[in-house]
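The values are calculated or read from the model by the stated rules, or taken from the named source; none is laboratory data. Keep in mind the model is a prediction, meaning the values are calculated, not measured. Quick reminder, even Gly has a Cβ in these numbers, built from the backbone with ideal geometry, and neighbours come from all protein chains shown.
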Amino acid sequence: MKILDKYIAKQILSAIFSVLGILIIVVGLLDLVDEIKKVNNEYPISLAFLYVILNIPQNIYEVLPIATLMGSLIGLSKLSSTSELNAAKSSGLSFSKIILITLKTGVIIVILTFLIGEFLAPKGQQLANNVKNLTESTRLSMKNTDGIWIKSQNSFIHIAKVFPNKIVQEVSLYRFNEKQQLMESIYSEEGHYVEGEWIMKNITSTSFKNKEVEITNSELSAFEEFIDLDLFDIMIIKPNQMTLMQLRTYIEYLKNNSMESKNYELAFWSKFSIPLSCLIMFLLTTPFVHSSIRSASFGQRIFLGILTGVSLFLFNQTVNKLSIIIDIPPFLGSFLPVFILLLISFYIINKFYGSKVLLKLFLR
């Protein structure tokens, strides 16, 4: 039976990766068309291609649940159309066993999705943003892995950490005169943008005017012109570009400072719910091995798979957005679509195969 298990799993995985390849090509072409519109002297088409390529891991992460549903549907439908599943069931392979085989296959997809979402996708998007940063302004340097350097007139600014919501940490500012002589250095532990000015905290200022060194400390100070907001928007790290560790650190920071963190909590829990949703997709394809549905043509099943996949994608996005609007806890908002899909899967299995199959599934 192990040979049969591997054969079924191979057919399903083959279909999933085939669908995934098609979806990635389509999404990549759409991204490329959008980037070509932005091509100019500073942003050549070669960088546009590079930007799209670096975004591929994120695209894979986003479409993998849909590819899983469509691919497993196509794979099982193909086995059903060629009567291979009938032959397998005649040899003693029960329907609950078929479900277990598909779920074991799903574990591979879950692990792959998690690894891509945690390691490849964030890194790829950050590198893609670096490509944009190098073309948006020559004043911004992203090459230093220890922080970001910004040149503003006769001043140089180094920022160790940049967070969304216009928050910076460990900021050093160096002001020079027209002769390129250092006149003042300012260090601030933290700063944030509020109502048209930068509020800096725990500041140490060192002045070198008149060949004398003067050091002053202050807990709070306001700067009307500190960092160009256009450049700051470039530097923002979006939630889907963060790893679990980065999200956790930033969520703790927001909570400790009594700031809104729901968007980032939702992104954090989505790192787990999205891979898990891939597993649920295998349960949703189970009706397509039922005798009353096998009569449908292969093309009809593919069309139904595409329609179902797009519908589930829109459903998941809608629930996630609504969870923020109607103030649902991020954990619940992230896993609610998965829970609803699980209930639908159990309902489908119960309708076509009865509760005994579900009982056998849980007892195995």
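Among the residues of the stretch 317-330, write down those that are within 19 Å of the chain's Cα centre (by Cα) and either within 15 Å of P239 (Cβ to Cβ) or assigned to a loop (DSSP other than H, G, I, E, B) (or both). Working first, answer last.
Residues of the stretch 317-330 that are within 19 Å of the chain's Cα centre (by Cα), as a first pass: 317-324, 330.
Listed by number, the residues that qualify are Q317, N320, K321, S323, I324, P330.
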*If we scan the stretch 24-39, do we find a residue that is surrounded by 18 or more Cβ atoms within 10 Å (Cβ to Cβ), of a type in the set (V, I, T) and closer than 14 Å to M281 by Cα?*
no
*Do any helices (runs of 4 or more DSSP H) entirely within the stretch 28-131 hold 3 or more residues that are in contact (Cβ under 8 Å) with a residue 12 or more places away in the chain, and if so, which?*
45-54, 56-81, 95-115
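Could you identify the single residue in E178, E184, E189 that is charged (D, E, K, R), on the phi < 0 side of the Ramachandran plot and not in a strand (DSSP E or B)?
Numbers: E184 fails: not in a strand (DSSP E or B); E189 fails: not in a strand (DSSP E or B).
The conditions single out E178.
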*Determine which single condition L314 fails, assuming it passes every other condition in (1) modelled with pLDDT of 80 or more; (2) of a type outside the set (D, E); (3) not in a helix (DSSP H, G or I).*
(3)
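Report yes if some residue within the stretch 126-133 is of a type in the set (S, T, N, Q), in contact with a helix residue (DSSP H, G or I) (Cβ under 7 Å, 6 or more places away or on another chain), outside the structural domain of Q180 (by TED's automatic domain parsing) and modelled with pLDDT under 75; otherwise report no.
Filtering the stretch 126-133 for residues of a type in the set (S, T, N, Q) gives 126, 129-130, 133.
Restricting the remaining residues to those that are in contact with a helix residue (DSSP H, G or I) (Cβ under 7 Å, 6 or more places away or on another chain) gives 126, 133.
Those still in the list that are outside the structural domain of Q180 (by TED's automatic domain parsing) too: 126, 133.
Right, trim to modelled with pLDDT under 75 and you get 133.
Within the stretch 126-133 (the criterion being of a type in the set (S, T, N, Q), in contact with a helix residue (DSSP H, G or I) (Cβ under 7 Å, 6 or more places away or on another chain), outside the structural domain of Q180 (by TED's automatic domain parsing) and modelled with pLDDT under 75), the answer is yes, since at least one residue qualifies.
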